Amino acid sequence: MTRNVTGAVNAATLRLLEPLARLLLEARIGIGEFAALARRAYVQAAVRESHGSRGGRINVSRIAAYTGLTRVEVAALLAEQRGAPPRKQRGRVRAEQVLQGWWSDREFQDPSGTPARLPRKGARRSFAALVKRFSGDPHNAASILEELLRSQAVREHPDGTLEAVSRTCVNVGWDEAGIEALGEELAEHIETLLYNLKNPDRPRFAKRIVCGHLDPYAARVIVPELAEQAEIFLEGAQDALKGPKHPSQKRHPEPSALRFAVALQFFQEPAARPAPAAAGRAVTKGKRSAARHRSRSVHDSGGL
C-alpha cells in the first residue's frame, strides 16, 4: 500500500469514526471499551479473510501477524467468540467506573446494601474517596461529579450529601431495536462501498447527489417531494422483490439465495460558509473559477 493510499484510508477512517465517536460518547462507552471492540472486529475480519482465501483451520500466528495483535490476544479473542468469559476491559468512562464502585463496594453502601449518601469530601466513605479508589484519577472528582449530576445518575441533597439514583450515567432515550438497525444499515452501506472500491469493473449500484447550498425555503417544498418519490420507489422495489416476474424454475439450494437490500437516505447539515474573497479583480476571477469548478463537479460527481 502506497503512502498516498494509506493516508487516504486514515483520513476516510477518521471521517467515519467522528460520528461513531459521538454515538459512543453519548452512550458513555469509553476509549478502552471501543479499543476492545476494535480488536474483536480486527480478529473477526482476519478470520473471514483467511477462510475466504485459504479455508481450513484458523491460524493464530497468521492472524497475529496480519492484525498487529499478539498471539495471546488473538487466542483470547477467539476463545471469547467460542463463549469464554470476556476479559476485564480498561479505559471505561470514569464516571461509569465510579458509579459501578458505588453500587458494588460495601464500604460505600448502607446496611441495606444500597449506595450510601456520601459527603463530597473526606478521607474515608466520601465521594472524593470513592473517586480515588475507582477512577484512577483522585484529582478529577469535580468533573466526574459534574457528569454524574448532569446525567441525573446522582442527586445532591440540601445538606450537601450525594445519593446514587441510577446504576449508569447513560441518559438517552434510544430504542434498542433502533440501535441494532443503525449498526446493520451502516454495515451494509460500508460493505457495498468497499465492494465497489475493490471491484470497479463490476460495481454494485451506489449513487449519490449533493447540493452544497440548498435554499432553506426551497427545501420546505423539495425535501417532502423527494421523500414522497422515494416512498413510491421503495414500495415498487418491495413488490418486485417479493414477486419476481421471472422466478427460477429449479429449486436452488439455500446457499445460492441472496440477501438483497435497497436503502435510501437523506443527509443534511448546515452548509459551509464560503471563505471571504479578496477585493478588486481577484474577486471576479475567483468567482469565475469557482463557477467553472462547480459546473464540472455537477457532471463528474453527481453534485447539484
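The values are calculated or read from the model by the stated rules, or taken from the named source; none is laboratory data. Values in this document were obtained by computation on a predicted structure and should not be read as measured data. Note that we place each Cβ from the backbone using ideal geometry, even for glycine, and neighbour counts take in every protein chain shown.
Picking from residues in region 225-266 that are under 21 Å from Glu184 (Cα atoms) and of a type in the set (Gly, Ala, Ser), the one that is modelled with the lowest pLDDT is Ala257. When Ala272, Ala279 are checked against the criterion of being at pLDDT below 95 and more than 30 Å from Ala187 (Cβ to Cβ), Ala279 stands alone in meeting it. Checking the stated criteria, Asp215 turns out to be within 30 Å of Arg273 (Cβ to Cβ) and among the acidic types (Asp, Glu).
Among the residues of region 209-234, the one identified as within 25 Å of the chain's Cα centre (by Cα) and loosely packed, with under 10 Cβ neighbours inside 10 Å is Ile209. Might you check whether a residue that is polar (S, T, N, Q), buried (at least 17 other Cβ atoms within 10 Å of the Cβ) and over 20 Å from Phe108 (Cα atoms) occurs anywhere in region 170-179? No, region 170-179 contains no residue that is polar (S, T, N, Q), buried (at least 17 other Cβ atoms within 10 Å of the Cβ) and over 20 Å from Phe108 (Cα atoms). Checking every residue in region 187-195 against the condition of being loosely packed, with under 11 Cβ neighbours inside 10 Å and either in contact (Cβ under 8 Å) with a residue 40 or more places away in the chain or more than 22 Å from the chain's Cα centre (by Cα) (or both) gives zero matches. For region 1-32, residues that are more than 13 Å from the chain's Cα centre (by Cα), modelled with pLDDT under 90 and not aliphatic (A, V, I, L, M) total 5.
Let's see how each residue does on (1) farther than 30 Å from Val262 by Cα; (2) among the hydroxyl-bearing types (Ser, Thr, Tyr); (3) modelled with pLDDT under 90:
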residue: Ala123; (1), (2), (3): yes, no, yes
residue: Phe127; (1), (2), (3): yes, no, no
residue: Leu148; (1), (2), (3): yes, no, yes
residue: Ser151; (1), (2), (3): yes, yes, yes
residue: Cys169; (1), (2), (3): yes, no, yes
residue: Gly178; (1), (2), (3): no, no, yes
residue: Lys198; (1), (2), (3): no, no, no
residue: Arg204; (1), (2), (3): no, no, no
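Taking the criterion of being part of a loop (DSSP other than H, G, I, E, B) and over 29 Å from Leu23 (Cβ atoms), would at least one residue in region 141-153 satisfy it? No, there is no match, as no residue in region 141-153 is part of a loop (DSSP other than H, G, I, E, B) and over 29 Å from Leu23 (Cβ atoms).
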